[in-house]
Amino acid sequence: MENNKKQIEQIIIRYLSGKSNPQEIDMLTEWIFLSPENKKIFMQMRNIWEITHPVFSPQEIDTNKALANLMHAKGKKISLFAYWQRIASILLLPFIGLSLFLYLQNTPTQQKKLPITYQQVFAPYGTYTQLGLPDGSKVWLNAGSSVKYPIPFEPQQREVFLSGEAYFEIVSDEKNPFVVKTNKLNVVAKGTAFNIEAYPKDSLISVTMVEGILDVVIGKSHAFNLLPGQRVCYNQDNDMYQISTTDPYKWYAWKDGKMVFRNDRLDYVFKRIGQTFNVDIELNDREIASHPYRATFEYESLDVILRLLKMTAPIRYEEENIQLDQNKPYKTRKIRVYKSMP
């Protein structure tokens with residue numbers, strides 16, 4: 001336990017000094033969302049770091065020395081977490097007040113507008129995350145997804161940026177529409193519930209309407225309304241879209257811990273599993289790609305789902321043996337799927 005704590009302390013110092021690698025950032029992100037307390041600790045440390053460190057070049061930072069100095073503060077060795085929490089109340093609030101006063105004093109009256117502060121929330125792979133927005137709206141983020149939004153929302157504008165998949169329950173406000181922006185598709189809602197799938201690596205962007213009325217805008221060429229029970233799938237590769245009628249719950253059941261398939265092709269089933277668990281699944285037989293599959297998985301792990309698929313579908317699978325090394329401690333699992341032998 002103590003070793004894990006020291007490792008996180010080192011990673012936070014490296015992150016704040018601009019020296020962390022992608023693997024360390026992934027570890028830190030996962031740790032932050034393990035508990036509200038972890039997130040609170042990180043935010044306090046980041047705020048104090050920004051206050052006590054002027055603009056600098058990351059190459060000039062000695063992270064080991066910085067950690068040692070902080071750990072031996074005030075002549076005795078204490079926990080980094082405890083030290084930062086102890087000084088947070090002393091430095092943070094007076095600094096914010098002084099900064100705000102100076103900013104307002106040196107800004108012309110007509111331009112006295114505070115800078116926009118954004119919050120970004122991530123959902124780790126294999127699970128989902130629920131959060132509340134500044135206007136009271138609710139969002140569920142599916143695995144491997146993120147949402148970015150301003151705190152607070154600007155007047156007459158409620159705007160968020162989505163990467164991945166999310167289910168929204170929007171507080172009604174006729175005068176201030178709610179806008180969700182993705183890479184190629186935006187939706188505008190005044191009070192409604194809907195699901196959006198917009199994973200960066202997927203050529204398809206889909207919106208499923210649950211309640212209310214939704215305006216969908218695709219680039220500069222397409223704009224239309226969606227009604228409850230309707231779903232639009234937009235293909236970025238050919239700039240074509242299709243609207244169909246569906247059972248909405250099938251597409252947002254994931255927020256309740258379920259994966260629902262209703263006569264879906266196996267290639268879609270494995271694509272969905274791969275997105276949820278961050279695993280590379282390769283189908284090596286075209287014949288099974290179009291095989292229809294019907295099942296509901298609830299809170300099952302990846303290994304359990306694969307075993308159930310093997311029992312209920314004409315498939316067999318092999319996991320590629322990946323050798324890890326020092327330079328690449330994390331690698332995506334790769335699974336090859338074949339048609340089962342008679």
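The values are calculated or read from the model by the stated rules, or taken from the named source; none is laboratory data. What you see is a predicted model, and the numbers here were worked out from it, not measured in a lab. Cβ coordinates were reconstructed from backbone atoms using ideal geometry, including for glycine residues, and neighbour counts include every protein chain displayed. Heavy atoms of the whole protein, side chains included, go into the accessibility calculation; ligands, DNA and RNA do not. Shrake-Rupley method; radii C 1.70, N 1.55, O 1.52, S 1.80 Å.
Using heavy atoms of the protein chains and a probe of 1.4 Å, the accessible area assigned to LYS334 is about 50 Å². What are the aspartates and glutamates whose alpha-carbon lies under 17 Å from the alpha-carbon of LYS258, with same-chain residues fewer than 8 places away excluded? Within the straight-line limit of under 17 Å, LYS258 reaches these aspartates and glutamates: GLU165, GLU197, ASP247, GLU298, GLU300, ASP303.
Backbone geometry of the stretch 135-151 corresponds, through the Karplus equation with coefficients 6.51, -1.76 and 1.60 at θ = phi - 60°, to 3J(HN,Hα) couplings of 8, x, 5, 10, 9, 10, 9, 7, 3, x, 10, 8, 9, 10, 8, x, 10 Hz, x marking Gly and Pro. For the stretch 112-213, a simple Cβ point-charge model (Lys and Arg +1, Asp and Glu -1, everything else neutral) yields a dipole of about 380 debye relative to the Cα centre.
Over 22 Å apart at the Cα level, from the set LYS39/LYS175; LYS255/LYS339; LYS148/LYS184; LYS5/LYS138, are LYS39/LYS175; LYS255/LYS339; LYS5/LYS138.
Here the Karplus curve 6.51 cos²θ - 1.76 cosθ + 1.60, taken at θ = phi - 60°, turns the phi angles of the stretch 257-271 into couplings of x, 10, 10, 10, 10, 10, 6, 8, 5, 5, 5, 6, 4, 6, 4 Hz, with x standing for Gly and Pro. All other residues whose Cβ lies under 10 angstrom from that of ALA198 are scored, Lys and Arg at +1 and Asp and Glu at -1, for a net of -1.
Ignoring ligands, DNA and RNA, what percent of the accessible area of the stretch 131-182 is carbon or sulfur (1.4 Å)?
Here it works out to 49 percent.
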